[in-house]
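Following: one structure in structure tokens, then a few remarks.
The values are calculated or read from the model by the stated rules, or taken from the named source; none is laboratory data. Please read these numbers as outputs of a predicted model, since none were measured by experiment. To get the accessible areas, we keep the full protein, side chains included, count just its heavy atoms, and leave off ligands, DNA and RNA. Shrake-Rupley method; radii C 1.70, N 1.55, O 1.52, S 1.80 Å.
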Amino acid sequence: MMAALALCAIAPPSRAWAQAAVGDMAPVLSVPDLDGRLVRLAPGPRRQAMVLEFWATWCEVCEALLPRVREAQAKYANQVDFYGINVTVNESKNRVRRFVAEHRLPFRTLYDERGAAVRAFAAPVTSYVVIVDAKGTIRYIGSGSAQDITKELDRVVRQ
């Protein structure tokens, strides 16, 4: 057992877990919302940029980042799609629903119960933000409470 764990620790990550990078094409995938409806995360007919935040109700850093997400959403609501991807670690749908209702989150909440989005973007932590432009190219990746999402969107939307 210890040998297997040691091999896992030194083995290179598989392509599926390779860290997403600025300049890469964003993976196209579908993730359910809290009502079970699949939401396709890909540039669509409206060709809008997307902000994806990987978050959890227990994430204090996500809570500290929330005012910056609200600010960006207020400025770019008509030009950018905002998605909060709940990582579902120690989270039930009901707990997430209550949190969303109580805090009026500024994004459409997705419930990544199967971890598809976490794996596709190799999200290493909560408060992980990915900005994808209208053509599907990853233009920004960051984490932590000090991210200036509005400034990053200013660059993406101007293009």
Legend entry - For segment 98-155, alpha-carbon Rg over 2.2 N^0.38 Å: 1.25
Legend entry - Accessible area in square angstrom per residue, the chain, 1.4 angstrom probe: 56
Inset, instruction - Considering Cα pairs under 8 angstrom that are at least six residues apart, work out the relative contact order of segment 86-159 and quote it in whole percent. - result: 22
Legend entry - In Hz, Karplus ³J(HN,Hα) per residue of segment 48-64 (6.51, -1.76, 1.60; θ = phi - 60°; x = Gly, Pro): 9, 5, 10, 10, 10, 10, 8, 9, 8, 5, 8, 7, 5, 5, 4, 5, 5
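Relative to the present Cα-Cα distance, how much length would full extension add between Arg104 and Val125 at 0.36 nm per residue of separation?
Values: separation 21, 0.36 × 21 = 7.56 nm, distance 2.24 nm.
5.3 nm is the gain from fully extending Arg104 to Val125.
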Legend entry - Helix 93-103 axis, angle to the chain major axis (alpha carbon atoms, nearest 10°): 40
Legend entry - Amide H contacts under 5 Å for Ser30, placed H, 5+ residues apart: Leu41
Inset, instruction - Quote to one decimal, in nm, the extra length available between Gln48 and Arg97 on full extension: 0.36 nm per residue of separation minus the C-alpha distance between them. - result: 15.0 nm
